[in-house]
Amino acid sequence: MATSPDIQEATIQKFFAPDAGFRHPLCAVKREPGSRQSILGIYQWYRIMSPRIILEVKDVVYDRKRNVIFLEIEQKFHLRFNPLPGGFSRLITRLELQEQIDGLHYITLQEDFYHPSDFAALIIPPLRPFIEAGLRAASLVCSVNAYIARTIGPWRFNSRVGRVE
């Protein structure tokens, strides 16, 4: 992570296109002229909220044909004034790239994707088990509803084709 606001700004200027966009579960910047400054503001605010962000890139996939990079990242983001211990969360970041006149590729869109329980761990780590329990409960409801639909409703099997015993 950047050790100063100057380094952070230089990094954003170096790697993001001037009209880059940004999408995150809590904020978004539309891709338009001068939007890079808004992205810088988001990164600066992240740094202010969490002065020590730990992250590790676990995997990188580059789709050369579409000019897209996918990153699997594990990070620990601890809010400055949160008395609770920080937790690690996993996210997938998708970067759209565009080759510019200088022959270099610049980020034109960054999208961050979190699983709900990982996002909870990022903001309020003790919520993670409750989010996971809710997700398991929703899965159970789906299975029960599917059973009912197969038994009496519109998703009933009419033949044994495709059924595994």
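Among the residues that make up region 6-15, is at least one of them assigned to a strand (DSSP E or B) and at pLDDT 95 or above? Checking region 6-15: not a single residue is assigned to a strand (DSSP E or B) and at pLDDT 95 or above.
A quick yes/no check of all residues on (1) in a strand (DSSP E or B); (2) at pLDDT 95 or above; (3) open to solvent by 30 Å² or more (accessible area, probe 1.4 Å):
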residue: Q75; (1), (2), (3): yes, no, no
residue: P85; (1), (2), (3): no, no, yes
residue: R90; (1), (2), (3): yes, no, yes
residue: L95; (1), (2), (3): yes, yes, no
residue: Y106; (1), (2), (3): yes, yes, yes
residue: D112; (1), (2), (3): yes, yes, no
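Determine whether region 151-161 contains at least one residue that is open to solvent by less than 40 Å² (accessible area, probe 1.4 Å) and either within 20 Å of I39 (Cα to Cα) or in contact with a Phe, Trp or Tyr (Cβ under 7 Å, 6 or more places away or on another chain) (or both). The answer is no; no qualifying residue exists.
Between R31, R80, R64, the distinction of being open to solvent by 80 Å² or more (accessible area, probe 1.4 Å) and in contact (Cβ under 8 Å) with a residue 60 or more places away in the chain belongs to R31 only.
The values are calculated or read from the model by the stated rules, or taken from the named source; none is laboratory data. As the structure is a computational prediction, the values presented were derived from the model and not from experiment. Note that we place each Cβ from the backbone using ideal geometry, even for glycine, and neighbour counts take in every protein chain shown. The area values use the complete protein model at the heavy-atom level, side chains included, leaving out ligands, DNA and RNA. Shrake-Rupley method; radii C 1.70, N 1.55, O 1.52, S 1.80 Å.
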